[in-house]
Amino acid sequence: MPFEKRDGYRLWVGGPVPKGADAITLGPMVMVRAGHEHSVHLLRHEQIHVRQWRRYGVVGFSARYAGSYVLWRTRLKGHHGAYLRIPMEIEAEWVARRSLATAVADVDFAGAVRRG
């Protein structure tokens, strides 16, 4: 089944993800290209975008995201350069990296390490 209800969002594996991207978030829906649904980092990054959608709403999120992208494109940055300078992308990437880097590992009784 391509839809999966997760804690605070819905995951759609194989949903309409733009060319060149592994995932996209629209409100509480995270769409992930098939084969990337097990990437802990990618899912954490997209969860931050879900939180941003809730914080700013549809209009606020869209205006901030697109406005920042357009601003950097007018400053002669290419698509990738403008994308990397969008504050919402910076926040999502920073929090995803930080939360995974500081995750506490669980050790089960057999001695195997699990990330939680």
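Could you give the dipole magnitude of the chain about its Cα centre, charging the beta-carbon of Lys and Arg +1 and that of Asp and Glu -1, in debye to the nearest 20?
Working: 18 positive and 10 negative charges, 96 e Å.
Approximately 460 debye in magnitude.
Using a ≥ b ≥ c from the Cα gyration tensor of the stretch 14-54 (square roots of the eigenvalues), is it rounded, prolate or oblate, where a/c under 1.5 gives rounded and otherwise the larger of a/b and b/c decides, a/b for prolate? Before the final figure, lay out each step's value.
On the way: a/c = 2.12, a/b = 1.36, b/c = 1.56.
Taking the square roots of the gyration eigenvalues as a ≥ b ≥ c, the stretch 14-54 is oblate.
Mean residue ellipticity at 222 nm from the helices of the chain, using -39,500 (n - 2.57) per DSSP H segment of n ≥ 4 over the full residue count, to the nearest 500 deg cm²/dmol? Walk me through the numbers on the way to the answer.
Working: 3 runs with 56 residues, N = 116.
Helix-only estimate at 222 nm: -16500 deg cm²/dmol.
Of LEU84, THR74, LEU42, which is farthest towards the positive pole of the stretch 3-103's charge dipole, taken about the Cα centre with +1 and -1 on the beta-carbons of Lys, Arg and Asp, Glu respectively?
THR74
Read-outs: derived from the displayed coordinates by stated rules, not from any lab. Quantities reported herein were computed from a predicted structural model and do not represent experimental measurements. Every residue, glycine as well, gets a Cβ built from its backbone with ideal geometry; the counts of neighbours run over all protein chains shown.
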